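J.: Dumping the structure here so I can ask a few things about it.
Any read-out appearing in this document is the output of simple, stated calculations on the displayed coordinates, not a laboratory observation. This structure is a prediction, so every number in the text was calculated from the model and none was measured. No Cβ is skipped: glycine too gets one built from the backbone with ideal geometry, and neighbour counts run over all protein chains shown.
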């Protein structure tokens, strides 16, 4: 049995935890902020188009601003990580704590602006964009810091790859190709499941606790910071 404190076991928990965070935050943002996607930001354009057809407002301001804010968050995260890399400084913990801080801002602004009953109210828009920025940081980190993990914010690619590899396994093939397919499936299905669990948990807990339920993914990110850091490494 694998020691749960070993680097391998700890690393295997990181992708599901990050995926849980993404599913949770995306769901809470969608429910609390009039259909705003914080992780899957391009989905907001679909909702904008739907609102034009149906003549509903639906928080168009936040949805229009989501992509540029997301881009800025990714750009700033990239610049920060590259700067730290040039100086041979750790990047993992600072990036995770930046995301935690942005989620904390999301919670704080939403509480100050409560009740969130108008989609285009400044408080609702600002809270949502802080959530978008937080998930922009995670999206960038998945490409820059957690490079060995499968994507943790948008699951479409993971599901597609799992289906492709499953079909390839059923069709047979060489021993090496079957082993590669099994390895990819084993890597990608836990984040997909964790994302779904996070989405369900976000809906249930938001229904009971409101926006303060976002403290749970913040705790999950703090745990990732602990698990993913090599033993003895500086934060």
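J.: What nm distance separates the two modelled labels at residue 159 and residue 175, each placed 7 Å from Cα along Cα→Cβ?
T.: 3.6 nm
J.: Taking neighbour Cβ counts within 10 Å as the exposure measure, how do 26, 165, 117 sort from fewest upward?
T.: Ordered by Cβ neighbours within 10 Å, fewest first: 117, 165, 26.
J.: Quick check on the chain: helices-only [θ] at 222 nm, where DSSP H runs of length 4 and up contribute -39,500 (n - 2.57) each and the sum goes over total residues. Nearest 500, please.
T.: Using -39500 (n - 2.57) per qualifying helix, the result is -26000 deg cm²/dmol.
J.: Between residue 147 and residue 166, how many nm apart are label points set 7 Å from Cα along the C-beta direction?
T.: 3.1 nm
J.: Compute the acute angle (0 to 90°) between the alpha-carbon long axis of helix 43-54 and the principal axis of greatest extent of the alpha-carbon atoms of the chain; round to the nearest 10°.
T.: 40 degrees
J.: May I pose another question? Taking other Cβ within 10 Å of each residue's Cβ, how do 187, 63 sort, fewest first?
T.: So the residues, fewest neighbours to most, are 187, 63.
J.: Using 0.36 nm per residue of separation minus the Cα-Cα distance, give me the extension gain between residue 212 and residue 88 in nm, one decimal.
T.: Extra length from residue 212 to residue 88 when fully extended: 41.0 nm.
J.: So how tilted is helix 60-86 from the main axis of the chain? Cα-based, degrees 0 to 90, rounded to 10.
T.: 40 degrees
J.: Sticking with this one: Compute the long axis of helix 122-144 from its Cα atoms, compare it with the longest principal axis of the Cα atoms of the chain, and write down the angle in degrees, 0 to 90, nearest 10.
T.: Helix 122-144 sits at roughly 20 degrees to that axis.
J.: Give me the tail of P(r) for the stretch 83-235 as a percent: Cα-Cα pairs with distance above 24 Å.
T.: Tail of the P(r) past 24 Å holds 47 percent of the pairs.
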